[in-house]
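Undergrad: Below is one structure. I have some questions about it.
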Amino acid sequence: MLPLRFSPIIVALSIAACSEATAPVAIPTPLPALQDQVWHVHVSDGQPLPALLGHRTVAGGILEQDFLDSARVEIAANGTWEHKGWYQRYRSGQHHAWTSTLDWGTWTARPTAYEFRRNTGELLYSVAGPIGTELQMNLRYGGQAGVAVSQLRRTRPALDIHGRWRANALRDQPLPSAYIVENGDFGDGPVSRHIVIDSAVVWLHPTGQYLQRIFHSEWEGAVDGPAERKLRELVEADYGVWNRNGLQLSLWSNWLQNKTMLGEASATAGGPLRLQHGITHGDEPAAFRYVRW
């Protein structure tokens, strides 16, 4: 019987086929698992906070605007996440309401991205990995159309000038402090009259509008003496528009004719404001110091 002979080509093909059949299949390696971490929104749709989230016209032709105050994404090592947001609603430039939003779900590490799904299973966000010092997410907010292209960091954003400020000093003296002290006869004989500033608040809205409340009281005492008897308590309300040019601040009243407040912001984020103003229009301006409230 003649020995079997194999063609070299057939032998080569057979070896190749065996090699292909036994070669291990490469399995993509997922990105590293995420640990507990909190990410804060610093920029939303290209705007530092507070940032305009959305606007619309409501009944009566009123312009309604929503400004994002703060938002954060909390990621847990157990595979869950939460997105929390806080924003203010304005109508015709004036504050109308506070609103908070909450969204949550699970995250999964894939070979090239982290997938964030809502608790309903809907894929909301896909973040390319690995994650560095900044996180880019197109965040969604309840009650808002579309997405907000957002930049998040592990640190909180610095305090902005927008918000509520409370006066804590008048002419460098802590409040309450006398704004006017004068001697005179106001109907019951010579006395000293004291107009005391008890507190003052100014709220700088991101719409360019402001609100102000000044709480003051009137007292009497002996001529050239201290305040002894409180006669009444009063509050002065004001509103208008404000502008910032560098550190310089200007506020113009829309309520009290010819009332203007000038001053300056601190060069340090969140530092005090200094404003020159009286109680109502025509008053001699005095130096007030305001701090965050």
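The values are calculated or read from the model by the stated rules, or taken from the named source; none is laboratory data. Remember, it's a predicted structure, so these values are computed and weren't measured experimentally. Note that each Cβ is placed from the backbone with ideal geometry, even for glycine, and that neighbours are counted across all protein chains shown. Note: areas computed on protein heavy atoms with side chains; ligands, DNA, RNA excluded. Shrake-Rupley method; radii C 1.70, N 1.55, O 1.52, S 1.80 Å.
Undergrad: Looking at (1) open to solvent by 20 Å² or more (accessible area, probe 1.4 Å); (2) under 24 Å from the mean Cα position of the chain (by Cα), which is the only condition LEU273 fails?
TA: Here LEU273 meets the rest and fails (1).
Undergrad: Could you grab the pairs with beta carbons closer than 9 Å, sequence gap of 6+ or different chains, first residue in segment 163-182 and on the phi > 0 side of the Ramachandran plot and buried (at least 16 other Cβ atoms within 10 Å of the Cβ), second one in a strand (DSSP E or B) and among the aliphatic types (A, V, I, L, M)?
TA: GLY163/LEU204
Undergrad: Continuing with this model, one more query. How many of the residues in segment 25-52 are within 16 Å of the chain's Cα centre (by Cα) and surrounded by fewer than 11 Cβ atoms within 10 Å (Cβ to Cβ)?
TA: 1
Undergrad: Filter segment 95-108 for residues that are among the aromatic types (Phe, Trp, Tyr) and either at positive phi or open to solvent by less than 20 Å² (accessible area, probe 1.4 Å) (or both) and give the result. If you could, list the steps in order and put the result at the bottom.
TA: Initial filter on segment 95-108 (among the aromatic types (Phe, Trp, Tyr)): 98, 104, 107.
Scanning segment 95-108 gives no hits.
Undergrad: Here is a follow-up. Inside segment 214-234, can you point out the residues that are part of a strand (DSSP E or B) and loosely packed, with under 15 Cβ neighbours inside 10 Å? Talk me through it step by step, then tell me what you get.
TA: As a first pass, look at segment 214-234 and keep what is part of a strand (DSSP E or B): 214-221, 229-234.
Within segment 214-234, ARG229, LYS230, LEU231, ARG232, GLU233, LEU234 qualify.
Undergrad: Kindly list the number of the only condition in (1) modelled with pLDDT of 95 or more; (2) more than 30 Å from ASN138 (Cα to Cα) that fails for ASP45.
TA: Exception for ASP45: condition (2).
Undergrad: Follow-up question, since we're still on this one. Determine the pairs where a residue that is of a type in the set (Asp, Glu), located within segment 66-77, has a partner that is not in a strand (DSSP E or B) with Cβ atoms under 7 Å apart, the partner being 6 or more residues away or on another chain.
TA: Matching pairs, first to second residue: ASP66/GLN144; ASP69/LEU49; ASP69/PRO50.
Undergrad: Return the only residue of ARG72, ARG56 being of a type in the set (Lys, Arg), in contact with a strand residue (DSSP E or B) (Cβ under 7 Å, 6 or more places away or on another chain) and under 20 Å from MET137 (Cα atoms).
TA: Values: ARG56 fails: under 20 Å from MET137 (Cα atoms).
Answer to the selection: ARG72.
Undergrad: Evaluate the following for ALA237: is it open to solvent by less than 60 Å² (accessible area, probe 1.4 Å) and either touching a helix residue (DSSP H, G or I) at 6+ places or on another chain (Cβ under 6 Å) or not in a strand (DSSP E or B) (or both)? Can you show your working first?
TA: Values: open to solvent by less than 60 Å² (accessible area, probe 1.4 Å): yes; either touching a helix residue (DSSP H, G or I) at 6+ places or on another chain (Cβ under 6 Å) or not in a strand (DSSP E or B) (or both): no.
Here the answer is no, as ALA237 does not meet what is asked.
Undergrad: Name the residues in segment 109-141 that are touching a residue at least 24 places away in the same chain (Cβ under 8 Å) and open to solvent by less than 50 Å² (accessible area, probe 1.4 Å), would you? Before the answer, list the steps.
TA: Within segment 109-141, the first condition is being touching a residue at least 24 places away in the same chain (Cβ under 8 Å), and the residues that meet it are 109-114, 116, 129-131, 135, 137, 139-141.
Those that are touching a residue at least 24 places away in the same chain (Cβ under 8 Å) and open to solvent by less than 50 Å² (accessible area, probe 1.4 Å): ALA109, ALA113, TYR114, PHE116, GLY129, ILE131, LEU135, MET137, LEU139, TYR141.
Undergrad: Among the strands (runs of 3 or more DSSP E) contained in segment 101-154, which hold 1 or more residues that are farther than 14 Å from ARG72 by Cα?
TA: Numbers: elements: 113-118, 123-128, 134-139, 148-153.
So the answer is 113-118, 123-128.
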